[in-house]
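**Q** Got a structure for you, written out below as structure tokens; questions coming shortly.
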Amino acid sequence: PLIAKGEIVGVLEVFHRSPLDPLPEWIDFLKTLAGQAAIAIDRLNLFNGLERSNMELIRAYNEVIEGWARALELRDHETKGHSRRVEELTLAIARKMGIENEKLAHIRQGALLHDIGKLGIPDSILQKPGKLTEEEWEMMKKHPIYAYEMLSPIDHLRPALDIPRYHHERWDGGGYPEGLKGKEIPLAARIFAVVDVWDALRSDRPYREAWSDEKALEYIKEESGKHFDPRVVEVFLEIVGGE
């Protein structure tokens with residue numbers, strides 16, 4: 001029997017074409033082989049168990065993230081369905097720009113959590129139907145900082161923070177919260193900036209009606225090299241069909 005940690009994990013059988021009277025050295029060799037095989041099987045079972053646990057943990061993290069995104073949408077009625085829409089298009093652009101595997105997972109998480117910092121903004125500002133005062137706007141501009149402060153202590157989410165923290169930066173350096181310029185802005189945030197504005201322009205707001213696709217596309221093109229990374233705009237237009 002193959003025994004590991006006091007439990008039978010298998011059986012080693014030896015077959016020979018004729019009657020065999022093994023020497024003691026053979027018996028010792030087979031016992032050693034059986035012991036090593038038992039250890040290997042035990043480690044494989046342990047690895048498979050850890051892999052299953054890890055997958056379950058990742059799934060739980062993703063479900064929590066999706067729950068946070070839905071909670072924000074319930075609070076900010078303007079953004080209903082916004083997180084899911086921008087997630088899908090952001091991932092499509094990222095794939096076309098050569099981003100793969102784990103980095104795509106981080107981008108997905110960042111897209112879903114991009115406005116999580118708005119949980120730190122008072123309802124009187126977040127749900128105000130009219131134009132914000134200068135003081136209110138300064139408060140609103142802090143939501144990327146709040147997002148970073150909320151999520152950075154969570155090790156699993158740190159690689160996903162580029163979008164929540166930097167998606168309001170501008171290619172020309174005129175954005176917030178840090179005034180980053182050009183490629184100083186992480187690529188994930190540059191991609192998301194285009195998608196976020198595209199979706200926002202095509203959604204109704206208390207202070208304006210939704211723009212048509214044509215008008216929104218023209219705005220995206222006009223802001224290439226100013227608000228947006230020109231290369232990201234090119235890929236965006238290839239996917240959306242603006243050219």
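**Q** Can you list the helices (runs of 4 or more DSSP H) lying wholly within region 149-243 that have 1 or more residues being touching a strand residue (DSSP E or B) at 6+ places or on another chain (Cβ under 9 Å)?
**A** Once the helices (runs of 4 or more DSSP H) in region 149-243 are filtered for at least 1 residues that are touching a strand residue (DSSP E or B) at 6+ places or on another chain (Cβ under 9 Å), what remains is 187-201, 213-222, 230-240.
Yes/no matrix, rows are residues, columns are (1) modelled with pLDDT under 80; (2) among the hydrophobic types (A, V, I, L, M, F, W, C); (3) over 21 Å from ALA200 (Cβ atoms):
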residue	(1), (2), (3)
LEU91	no, yes, no
ARG95	no, no, yes
HIS114	no, no, no
GLU136	no, no, no
HIS156	no, no, yes
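**Q** Among all residue pairs at least 6 apart or on different chains, which show Cβ distances below 6 Å where the first residue, located in region 95-120, is in contact (Cβ under 8 Å) with a residue 24 or more places away in the chain and over 25 Å from ARG70 (Cβ atoms) and the second is among the β-branched types (Val, Ile, Thr) and surrounded by 15 or more Cβ atoms within 10 Å (Cβ to Cβ)?
**A** Cβ pairs passing all conditions: LYS96/VAL235; MET97/VAL235.
This table checks each residue for (1) farther than 30 Å from GLY117 by Cα; (2) surrounded by 10 or more Cβ atoms within 10 Å (Cβ to Cβ); (3) at pLDDT below 75; (4) not aromatic (Phe, Trp, Tyr).
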{"position": "GLY6", "(1), (2), (3), (4)": "yes, no, no, yes"}
{"position": "PRO19", "(1), (2), (3), (4)": "yes, no, no, yes"}
{"position": "THR32", "(1), (2), (3), (4)": "yes, yes, no, yes"}
{"position": "MET55", "(1), (2), (3), (4)": "no, yes, yes, yes"}
{"position": "ILE58", "(1), (2), (3), (4)": "no, yes, yes, yes"}
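This table checks each residue for (1) among the aliphatic types (A, V, I, L, M); (2) touching a Ser or Thr at 6+ places or on another chain (Cβ under 6 Å); (3) surrounded by fewer than 15 Cβ atoms within 10 Å (Cβ to Cβ).
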site: TRP137; (1), (2), (3): no, no, yes
site: TYR148; (1), (2), (3): no, no, no
site: ILE154; (1), (2), (3): yes, no, yes
site: PRO164; (1), (2), (3): no, no, no
site: VAL195; (1), (2), (3): yes, yes, no
site: ASP204; (1), (2), (3): no, no, yes
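**Q** Separate question: Under 6 Å between Cβ atoms, at least 6 apart or on separate chains: pull out the pairs that start in region 200-220 with a residue that is within 19 Å of PHE236 (Cβ to Cβ) and end on any residue that is of a type in the set (Asp, Glu) and modelled with pLDDT under 95.
**A** Partner pairs satisfying both residue conditions: ALA210/ASP204.
**Q** Looking at SER203, SER224, SER212 in this structure, which one is under 26 Å from the mean Cα position of the chain (by Cα), modelled with pLDDT under 95 and of a type in the set (S, T, N, Q)?
**A** Among SER203, SER224, SER212, only SER203 is under 26 Å from the mean Cα position of the chain (by Cα), modelled with pLDDT under 95 and of a type in the set (S, T, N, Q).
**Q** Could you tell me whether ARG43 is modelled with pLDDT of 75 or more, basic (Lys, Arg), under 25 Å from the mean Cα position of the chain (by Cα) and farther than 23 Å from ASP155 by Cβ?
**A** Answer is no for this residue.
**Q** If you go through region 213-236, how many residues are under 23 Å from SER83 (Cβ atoms) and not aromatic (Phe, Trp, Tyr)?
**A** 10
**Q** To continue, here is another question. Hey, among GLU66, GLU87, which residue is modelled with pLDDT of 75 or more, acidic (Asp, Glu) and surrounded by 15 or more Cβ atoms within 10 Å (Cβ to Cβ)?
**A** Going through GLU66, GLU87 in turn, just one is modelled with pLDDT of 75 or more, acidic (Asp, Glu) and surrounded by 15 or more Cβ atoms within 10 Å (Cβ to Cβ): GLU87.
The values are calculated or read from the model by the stated rules, or taken from the named source; none is laboratory data. The shown structure was predicted, so the numbers you read here are calculated from the model rather than taken from an experiment. We place every Cβ from the backbone using ideal geometry, glycine too, and count neighbours over all the protein chains shown.
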